[in-house]
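First up is the structure itself, then whatever we jot down about it.
Where a number appears in this text, it was derived from the coordinates with a stated rule and is not lab data. Keep in mind it's a predicted model, so treat the numbers as computed, not measured. Neighbour counts are summed over all protein chains in view; Cβ atoms, including those assigned to glycine, are modelled from backbone coordinates with ideal geometry.
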Amino acid sequence: MKGQSLLFAFILLVVSFGYAQNSTFDINIPGKDRAEKCSECLKVFKQKPKEVKFSIKRTQNKLYFEINDTSWFNLLFDKPGDGIAVDVVTKDRYDCNLKSIENVQIKGTLLKPVYSKALKKGLTDVGNNIFTVEVGTIPDVLLNSELEFNILFLSDKNLCQYYVIYDLDAYDWDLLDMGVYLDSIYYNTKQIKALGEQSYITRSKSLKFQIPFKKNKSNYSQTDIKPIYDSLRLTDFNIKTINIKGYSSIEGIESRNLELQDLRAKSIVAALQAFQKPTIKTTVSSSENWVEFFNDIKGTKYEFLAPLSKVEIKDKIAGALSREMEPIFKNHRKAVIELELEKKDKYSTDSEEELLAKFNASVAKENLVEANDIQNSIFERFYISEGFPEYSQKMSLPKQGKYVNMLNKNSVYKFMLDFRQAVIVYHELLELEKIAPNNPAINYNIVAIKLNLWRYNAVEVTENMLVNEIKALRNYGIDSDLISRMLVNYHIIKAENLMKTRDYTDKDKSVAFVRNNYHKFKLSDFDYLSLAQFFSYYGTVAMAAESLEEKARSIDINENLLFYYLNLTLINKELTNDDDYRTIMFNAININKQRFCQLFNSNEDGGITFQLLDDKYLRKTYCESCAH
């Protein structure tokens with residue numbers, strides 16, 4: 001998570017060296033004898049607990065080494081010649097006007113080393129288990145530059161480790177959303193937020209669809225949109241918000257393309273607004289569809305265009321080639337539209353007391369259809385207020401078979417609003433199961449909540465019996481996709497438990513099960529994020545990247561999910577030099593150019609690190625899109 005006191009560090013092993021300056025003070029650069037001379041230092045790093053974090057912190061012109069573990073610090077700086085030196089690197093080194101970047105190990109201005117005696121003497125406890133020691137002063141000539149600070153770890157004055165600090169966002173994640181049964185399956189799909197941002201649950205129905213655009217047509221009327229509106233069956237819903245991302249094909253002048261897309265998008269909003277009185281909150285953005293252009297020319301005779309710059313591609317396709325490629329371009333003119341819907345509620349003006357009275361009256365008359373409608377209205381009301389557990393106790397529902405579906409909903413709703421109610425709700429459902437042992441919704445909800453409780457050791461579970469309970473849901477007509485999703489969640493939890501006991505062999509078997517089975521059902525964006533984070537923790541980063549790669553090349557990917565994929569992969573040069581990766585970067589630029597460019601700021605200025613630009617493939621895209 002950005003902004004934490006200690007940044008994560010990524011090791012660059014020292015193998016061969018060049019220099020950006022002549023002076024290395026008294027530091028020795030090992031050659032083929034590095035393994036021998038650095039054996040003790042490498043051993044200490046190999047034994048470093050994952051909880052140990054360190055970084056360089058700046059206070060005006062002073063630099064401090066910061067660490068959260070004095071025991072490991074003392075192991076690392078044991079002998080008089082063990083120490084630290086700081087390489088002060090400027091972003092000017094990556095100026096886009098330079099034809100190439102010099103491939104050197106010491107990238108900037110090397111500060112005088114600080115050795116063991118001074119490090120231990122100067123180490124200061126600054127609170128919250130954080131310890132700092134001064135390790136250098138920034139030269140005056142560099143104070144107005146954008147800077148980063150790499151760490152050289154020295155063993156007996158030999159350079160043994162060179163660290164570049166990567167400041168990567170971390171994201172909240174969870175099990176795959178299994179949903180709960182109310183009248184039908186209901187998903188509480190979480191929105192993707194970086195840790196530290198507010199995370200919330202989607203409270204209303206949302207839809208995503210595409211509208212193709214005809215070449216040069218910019219005005220879309222209510223008549224054009226009505227067939228789409230009718231197909232979405234919006235009779236019982238009002239549109240609360242619209243987010244439209246308009247895409248033009250890449251041929252032509254960019255400013256004209258964006259103007260045309262903006263007009264198209266706004267005309268669609270106006271047409272949809274004509275179907276309802278409540279004002280629709282709208283967001284409109286426009287971009288050229290470079291993503292699908294690169295996807296669609298792959299493997300065709302036009303693939304020679306892929307390595308070229310945007311300007312070069314536009315020059316190449318002008319005229320006859322543009323007309324020849326129209327069968328490709330016509331599919332790129334579209335709008336991706338996301339609607340957030342609110343269900344129309346005839347009880348919306350009633351107070352909570354009036355709703356309660358009407359509900360109890362309907363139950364007394366055994367008018368279950370009306371009672372069910374009022375109950376749903378009560379649920380909508382409590383999305384934005386608290387106190388449902390107390391309120392539900394006043395809802396007169398006899399514990400009889402004909403009321404079991406509403407009793408189930410009342411119980412499960414408490415769980416949806418507050419996970420802390422899970423144990424109470426679990427036992428309420430077990431009691432309902434005695435009344436209606438073959439009720440699909442109750443049986444499904446019992447297993448779904450049991451899985452959540454098992455994850456937090458809140459109930460005792462016999463693993464084989466739990467698997468059998470999940471598979472037995474087929475007997476109640478539960479959809480096979482939901483059962484597959486539950487089994488994947490079972491193995492996600494099992495892998496977490498096996499990791500804690502260091503049973504890596506069986507942990508890998510559960511990870512393999514997840515990898516081989518998540519394709520069997522549809523995933524939300526938050527599901528994709530959870531899977532990727534699971535694979536990065538318990539499998540490999542390569543597995544995590546693999547799970548997102550195809551999604552990352554689609555223009556309707558969630559922004560945070562795409563940037564999480566970049567977090568996983570930007571430091572992997574095997575991936576970044578692939579043409580498909582350029583497509584993914586253009587996708588990020590289309591979605592949020594400012595956020596993409598900021599990745600290459602210094603880690604003090606909200607970026608991952610500008611030293612990513614050592615990668616010529618990343619630098620090419622950055623300079624093409626961000627340097628003007």
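Between the Cα long axis of helix 559-569 and the first principal axis of the chain there is an angle of about 40°, rounded to the nearest 10. Helix 541-552 and the longest principal axis of the Cα set of the chain meet at an angle near 60°. Using 0.36 nm per residue and subtracting the Cα-Cα separation, the extra length available between LYS301 and GLU546 on full extension is 85.5 nm.
Taking a ≥ b ≥ c as the square roots of the Cα gyration tensor eigenvalues, with a/c under 1.5 meaning rounded and otherwise prolate when a/b beats b/c, else oblate, which class fits the chain?
Numbers: a/c = 2.31, a/b = 1.39, b/c = 1.66.
Cα axes put the chain in the oblate bin.
Of all lysines in the structure, those lying under 18 Å Cα to Cα from LYS394, and not within fewer than 8 positions of it along the same chain, are LYS358, LYS365, LYS409, LYS414.
A simple count of charges around CYS96, restricted to other residues whose Cβ falls under 13 Å of its Cβ and scoring Lys, Arg +1 and Asp, Glu -1, yields +3. Dividing the summed -39500 (n - 2.57) terms of all DSSP H runs of n ≥ 4 by the residue count of the chain sets its mean residue ellipticity at 222 nm at -13500 deg cm²/dmol. Multiplying the residue separation of ARG595 and ASN243 by 0.36 nm and subtracting their alpha-carbon distance yields 124.9 nm.
With the Cα gyration tensor of region 9-165 giving a ≥ b ≥ c as the square roots of its eigenvalues, does the rule (a/c under 1.5 for rounded; else a/b larger than b/c for prolate; else oblate) give rounded, prolate or oblate? Walk me through the numbers on the way to the answer.
Working: a/c = 1.76, a/b = 1.21, b/c = 1.45.
Oblate is the answer for region 9-165, as a/c is 1.5 or above yet b/c matches or exceeds a/b.
Each of CYS96, CYS626 was scored by other Cβ atoms within 10 Å of its Cβ. Listed from fewest to most, they are CYS96, CYS626.
With Cα atoms defining each centre, region 23-60 and region 101-160 are spaced 12 Å apart in the structure.
For the chain, the longest principal axis of the Cα atoms and the long axis of helix 463-472 meet at an angle of about 50 degrees.
Against the compact-protein benchmark of 2.2 N^0.38 Å, the Cα-based radius of gyration of region 344-433 scales to 1.04. Each of HIS519, HIS427 was scored by other Cβ atoms within 10 Å of its Cβ. Listed from fewest to most, they are HIS519, HIS427.
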